[in-house]
Amino acid sequence: MLFLGTGKKYLSEIAEHLKRAPQTVDFHLKILENAGLVSSSSEEGKVFYQLKDRSILKFLRERRPIPALHHPKPPHEIVEDAMNEITKRLDEIEKRLERIERKLAQLLCFFLEFPDKSLAYFSLAEVVCFYR
């Protein structure tokens, strides 16, 4: 990343500087690009990389630790968080369904109290007011 701080670099330049295979460097640059730290552009059939925000250089030069907030979670924690969120949403849906079920039961009771009247006899307002 510090090498990219000097300007836009071609993939082979970066690989040569790091003494790594271009495929390895490309793999890691894609991760940095997905994280929003690096951008790429294609010029004359070559892929060039550059820093999106040069303020990262100060952070890297000072060698400060990465705050825990930005540490990626282990996969099992990501799955656990997702399951907890899904469970929470399903519980909310279940509560809504129970409320709807109670209201439908009340409406059914209302209409059963007046078996000789057709549905058209009552206005919606009368039904709602009856069971509020």
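The values are calculated or read from the model by the stated rules, or taken from the named source; none is laboratory data. Quantities reported herein were computed from a predicted structural model and do not represent experimental measurements. Neighbour counts run over all protein chains shown; Cβ positions are idealised from the backbone, glycine included.
Which of the residues that make up the stretch 81-112 are closer than 30 Å to G36 by Cα and touching a Lys or Arg at 6+ places or on another chain (Cβ under 9 Å)?
If the condition is that a residue be closer than 30 Å to G36 by Cα and touching a Lys or Arg at 6+ places or on another chain (Cβ under 9 Å), then D81 is the only one that fits.
Under the condition of being within 23 Å of the chain's Cα centre (by Cα) and among the small types (G, A, S), which residue from the stretch 1-58 is surrounded by the fewest Cβ atoms within 10 Å (Cβ to Cβ)?
Going through the qualifying residues, I end up with G36.
So which residues in the stretch 1-55 are among the hydroxyl-bearing types (S, T, Y) and under 25 Å from P72 (Cα atoms)?
T24, S39, S40, Y49, S55
Can you go through F27, F3, F59 and tell me which one is in contact with a His (Cβ under 8 Å, 6 or more places away or on another chain) and without any contact (Cβ under 8 Å) to a residue 24 or more places away in the chain?
F3
Please tell me if I56 is in contact with a helix residue (DSSP H, G or I) (Cβ under 9 Å, 6 or more places away or on another chain) and either under 28 Å from G7 (Cβ atoms) or at pLDDT below 85 (or both).
Yes: the conditions hold for I56.
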